[in-house]
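Remarks on the structure that follows.
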Amino acid sequence: MSDRSAYPCFLVAALLATTSLVPDTTLGDTDDLPVEEAVLTLAPQVPPPIDRDHPAKVIVSVDTTEQVGRLADGVEYVFWTFGGAVPGPFIRVREGDFVEFHLNNRPDSKMPHNIDLHAVTGPGGGATSSFTAPGHTTQFSFTALNPGLYVYHCATAPVGMHIANGMYGLILVEPEGGYPEVDKEFYVMQSEFYTKGDFGDEGLRPFDMDEALDENPDYVVFNGSVGALQGDNTLHAEVGETVRLFVGNGGPNLVSSFHVIGEIFDTVYVEGGSLKNHHVQSTLVPAGGSAIVEFKLEAPGDLHLVDHSIFRAFNKGALGTISVGGAADKVVYSGQQYEGIYLPEGQAAQSVDTGAPASPTATSREERMLFGERVYERNCMACHQSQGQGLPGAFPPLAGSDYLLDDPDHAIDVLLDGLSGEITVNGVKYNGVMPATRLSDEEVANVLTYVLNSWGNDGGVIETADVTRHRSGH
Ligand code: HEC
Ligand SMILES: [Cu+2]
């Protein structure tokens, strides 16, 4: 944005009004503008491009809510939202538009909320004018002076908590000439969730302030939940089409290394501004920042959206899919052309290497205990806990368990087949599901020997041959 004199006089008047603290009277000048209601969409949808060649007065009205929703399969969370969704609605205006913003806090809210739009030039980005108690509504207006893709978020204290609970979204201020035409536009916003418990722990999970302070989230997701862009929610496009992603990062803490596996961004509007970079593999999206990425689809198949801080993608949820239909061009991408045995020179035969080191074979009871402890830590501890004490109401104890110690052989079947249905351990009923383990016979023998001789248990040795016998008995 270079030439301010190109702006209509209402703008100059509005600027003067703010600097000289004159009340809103000069806003009357905007009465000449055509008035329209903003089209708001929920992710991954984006409102249609703006085809006006002049500014308008655009009215935006958004509710704030506090409601239970799905964070992952079996996991619920009390989300605080704009517009009843995480991320909040996508707002699309044009450079120079005069935006009248209404924030309505639902009567059943417990918290006050406000909004800081990064597209606003003025104190708090609107936050100081939009503090809204439950059951109240507020109004302020601003002129969209700078084009670009901007984050908005709640800025009510404690700010971090309002953002962590889901209060953010994107507002696009189209440059005067608009963006180049593309076939598909999508709204993708990354953010983190900090819950009591770990990733995947079921039930309604409250916010965890300690994890938030440590910047150590259980969930890093696109569009507010694990799987919001996968399965039934997968995005679709065709070979030959051009795609534009409006990518935002609500944080509250992490910076995203946004990447699409199997694509190269032809163009990136760096940080959502006017600087264009080309041929980009991964682009940084700051917390409270954005990027616009564009690419043409040349090959069919599934593209995967990730935060390339990659444990976040495969272990914390930051994964989405664009399914690309159409015909393959084998010159662009061949698919697998050959697979066969590789014989390095001088090697006659090939030993099979599965990649994983074979688990060691115990030669003594001490070794069984040692190896068994390692198996326990990796495969059992998450449920039965470090001292075999279990978790009341969920996982039965292995320490002092009459169920286990009365018939240690039966535990072999529990590990091989899993266990479900009601059982009684030390007089307490449990009705959960223990999944079948995928351990080798040696590992089953080791871990059961470890369990049978730890935490006060005094129960014998399980040999590998015992496990093999049980397995073949199935
Ligand atoms: C995902 C959680 C989970 C994991 C992992 C798990 N268990 Fe269990 N386990 C359970 C549940 C739940 C039950 C009770 C099942 C029921 O109610 O029918 C159970 C029951 C048992 C029992 C019988 C009840 C008792 O307290 O004696 C044994 C023995 C046992 N598990 C051993 C193990 C061992 C050894 C491992 C690791 C190799 C393991 N479990 C891994 C959840 C788990
Ligand atoms: Cu809020």
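Readers should treat all values here as calculations from the given coordinates under stated rules, not as data from a laboratory. Quick caveat, the model's predicted, so the values are computed rather than measured. Methodologically, a virtual Cβ is constructed for each residue, glycine included, from the backbone with ideal geometry; neighbour enumeration extends over all protein chains shown.
The table that follows gives values for the structure above.
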quantity	calculated
Added length on full extension, which subtracts the Cα-Cα distance from 0.36 nm per residue, Glu202 to Asp417	75.1 nm
Asp73 versus Glu36: modelled label distance in nm, points set 7 Å from Cα along the beta carbon direction	4.3
Within-13-Å neighbourhood charge of Gly177 [Cβ basis; K, R +1; D, E -1]	-4
Rounded to the nearest 20 debye, dipole of the chain from Cβ charges on Lys, Arg, Asp, Glu	480
Counted charge near Phe222, where neighbours are those whose Cβ lies closer than 12 Å (Asp, Glu -1; Lys, Arg +1)	0
Region 129-194 - Rg over Rh from alpha carbon coordinates, Kirkwood radius	1.04
For Val75, distant residues with modelled amide H under 5 Å away	Gly203
The chain, helix-only ellipticity at 222 nm - DSSP H runs n ≥ 4, -39,500 (n - 2.57), divided by all residues, nearest 500	-5000 deg cm²/dmol
Listed peptides 416-424, 147-155 by packing density, highest first (mean Cβ within 10 Å)	147-155, 416-424
Residue order, fewest to most beta carbons within 10 Å, for Thr156, Thr234	Thr234, Thr156
Antiparallel bridge percentage (DSSP; both residues within region 188-325; nearest 5)	80
In sequence order, calculated HN-Hα J values of region 189-195 (Karplus, 6.51, -1.76, 1.60; Hz; x Gly/Pro)	10, 8, 6, 10, 10, 10, 10
Cα-centre dipole for region 188-325 with unit charges at Cβ (Lys and Arg positive, Asp and Glu negative), debye to 20	360
Cα-based radius of gyration of region 4-177 once divided by 2.2 N^0.38 Å, which approximates compact folds	1.06
Calculated P(r) tail over 30 Å for the chain, as whole % of Cα pairs	59
